[in-house]
Amino acid sequence: MKTHPNFLLQKIEEDYYLLPFGQAIAEQRRGLHLNETGVFLWNHLEDVSSAEELACLLAENYDAAPEEIALLKEDVQAFLDALRDWGILASDLPVKREPFAKMLRIAGLSLRLEGDPDLLSASFDAFSVSCGETGSADMTVTVHTARPLAHQTGEILVHNEQLLVADCGDFFDILFLKNQSAGELFLAKDGSYARIFCTQSDRNTMREEVFHAIRIPFLYLASRHRMAALHSASVLYEGKAWLFTGRSGIGKSTHTSHWSTLFETPILNGDLNLIDVSAGEPVVHGIPWCGTSGMFTTASHPLGGIVMLHRAPKDYVTESSPAERTLFINQRLISPSWTRELFAANMKLTQALVPSILFANLHCTANPHAAGVMKEWIDAHR
């Protein structure tokens, strides 16, 4: 196999990197961080002519058991695909494609899912469509059951206990630090593709983690189409969606349950609502992600208003200034804000939203009376 001539393997402290020089620097190529397996594969690339030969060398080096061979072959193929994508490997080896699994239509956006169908949550079924109904996909999401053996160097944008997001030029590299299986995600900045990398684990765990991992590229794609997700529970009242938000544990589910019981209002989503301002009048689209509530819809409805919940010893409603409304809503959005541009997109959506809907603060107890007070206010103002 022929590699790019302007990359050298260098050890820095205890880590290994493929670093560009010469023309590769002029082409603004980025370096790669290799793990131990990646170093071995790089050192043997020019000794073999096929991925099969390279996998055999790797298996021999690790004295792999027969049941481990298939996984090593997937690792090798993923490594070669990554080097090819990054322009470091020049070869005529065929690109391995995961099998087509499902086509989804969510909020008017089409997602082509590739990989093992068994790793896709049943929650996607309600959004499934045939390929002929969508044309070309807005985004292709591929689920690999192999780990990436190389990483482009990049600038860390976000790092907390749950997540690490790095800017790697044309894509974001996202690490899920608490997951058992779905550990990493490559997300193209143009929104065209996402790749999720899983290690073998309990199938239910893999399925659940893949489901939540897919939410990130979807919300990124939605952001590019003037949509953002608000952490909130929602009900359908008088033909419009009404969203109830607040800090975690404030009682969103309790309040919407009171509405459902007292006024027979359908619950649209128990945890997350996608707001769309692309057509002027704000709309709430159904999405499959709904926290632990299990309640979601595929339908779209005009947005009536947003209610911020606050705990209080009695039930009453207050209003806020436009600036306060903008801040309240923006702080509850969970769409990506990793960069200045993404933050600006969320802020622009919020500022477009605030003048066109009702907004109220409900200071309340956990009693059903609070729902009645809120409904009276809505009826008087809508």
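The table that follows gives values for the structure above.
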quantity: Residue identified as touching a Ser or Thr at 6+ places or on another chain (Cβ under 6 Å), closer than 22 Å to THR254 by Cβ and of a type outside the set (Gly, Ala, Ser) among ASN361, ASN367, ASN346, ASN330; calculated: ASN361
quantity: THR326 vs. criteria exposed (fewer than 15 other Cβ atoms within 10 Å of the Cβ) and either at pLDDT below 95 or among the polar types (S, T, N, Q) (or both); calculated: no
quantity: Test set (1) open to solvent by less than 30 Å² (accessible area, probe 1.4 Å); (2) hydrophobic (A, V, I, L, M, F, W, C); (3) under 25 Å from ASP202 (Cβ atoms) - PHE171 fails condition number; calculated: (3)
quantity: Selected residue (criterion: least open to solvent (accessible area, probe 1.4 Å)) from residues of region 174-190 that are free of Cβ contacts under 8 Å to residues at least 24 places away in the same chain and of a type outside the set (D, E, K, R); calculated: ALA188
quantity: Unmet criterion (only one of (1) small (Gly, Ala, Ser); (2) on the phi < 0 side of the Ramachandran plot; (3) free of Cβ contacts under 8 Å to residues at least 60 places away in the same chain) for GLY22; calculated: (2)
quantity: Tally, over region 288-333, of residues that are under 21 Å from VAL235 (Cβ atoms) and in a helix (DSSP H, G or I); calculated: 4
quantity: Pair list, Cβ under 8 Å, 6 or more apart: region 274-286 residue in contact (Cβ under 8 Å) with a residue 24 or more places away in the chain, other residue of a type in the set (Phe, Trp, Tyr); calculated: GLY286/PHE296
quantity: Those residues of region 36-50 which are small (Gly, Ala, Ser) and either open to solvent by less than 20 Å² (accessible area, probe 1.4 Å) or in contact (Cβ under 8 Å) with a residue 60 or more places away in the chain (or both), in sequence order; calculated: GLY38
quantity: Total residues in region 237-253, condition open to solvent by 40 Å² or more (accessible area, probe 1.4 Å) and either within 21 Å of ASP379 (Cβ to Cβ) or modelled with pLDDT of 95 or more (or both); calculated: 3
quantity: Single residue of region 126-168 satisfying the filter (hydroxyl-bearing (Ser, Thr, Tyr) and open to solvent by less than 30 Å² (accessible area, probe 1.4 Å)) that is farthest from LEU219 (Cα to Cα); calculated: THR145
quantity: Long-range neighbours under 6 Å by Cβ, at least six apart or interchain, first residue more than 16 Å from ASN361 (Cβ to Cβ) within region 325-336, second of a type in the set (Gly, Ala, Ser) and open to solvent by less than 20 Å² (accessible area, probe 1.4 Å); calculated: LEU333/ALA228; ILE334/ALA229; SER335/SER223; SER335/ALA228; SER335/ALA229
quantity: Members of region 339-382 that are assigned to a loop (DSSP other than H, G, I, E, B) and either in contact with a helix residue (DSSP H, G or I) (Cβ under 7 Å, 6 or more places away or on another chain) or open to solvent by less than 40 Å² (accessible area, probe 1.4 Å) (or both); calculated: THR339, ILE357, THR365, ALA366, PRO368
quantity: Those residues of region 51-71 which are surrounded by 12 or more Cβ atoms within 10 Å (Cβ to Cβ) and outside any helix (DSSP H, G or I), in sequence order; calculated: TYR62, ALA64
quantity: Out of THR318, THR297, THR265, THR261, sole residue that is open to solvent by less than 40 Å² (accessible area, probe 1.4 Å), of a type in the set (Val, Ile, Thr) and under 21 Å from GLU376 (Cβ atoms); calculated: THR265
quantity: Residues of region 2-15 classified as assigned to a strand (DSSP E or B) and over 16 Å from THR153 (Cα atoms), total; calculated: 2
quantity: Qualifying positions in region 129-147 - under 18 Å from the mean Cα position of the chain (by Cα), of a type outside the set (D, E, K, R) and farther than 15 Å from ARG207 by Cα; calculated: ALA137, MET139, THR140
quantity: Residue, surrounded by the fewest Cβ atoms within 10 Å (Cβ to Cβ), within region 16-35, restricted to residues that are within 29 Å of the chain's Cα centre (by Cα) and outside any loop (DSSP other than H, G, I, E, B); calculated: HIS33
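The values are calculated or read from the model by the stated rules, or taken from the named source; none is laboratory data. As the structure is a prediction and not an experimental result, all values here were calculated from the model. Counting neighbours? That spans all protein chains shown, and the Cβs are built from the backbone with ideal geometry, glycine included. Ligands, DNA and RNA are stripped out before the accessible areas are found, and what is left, the full protein with its side chains, is counted by its heavy atoms. Shrake-Rupley method; radii C 1.70, N 1.55, O 1.52, S 1.80 Å.
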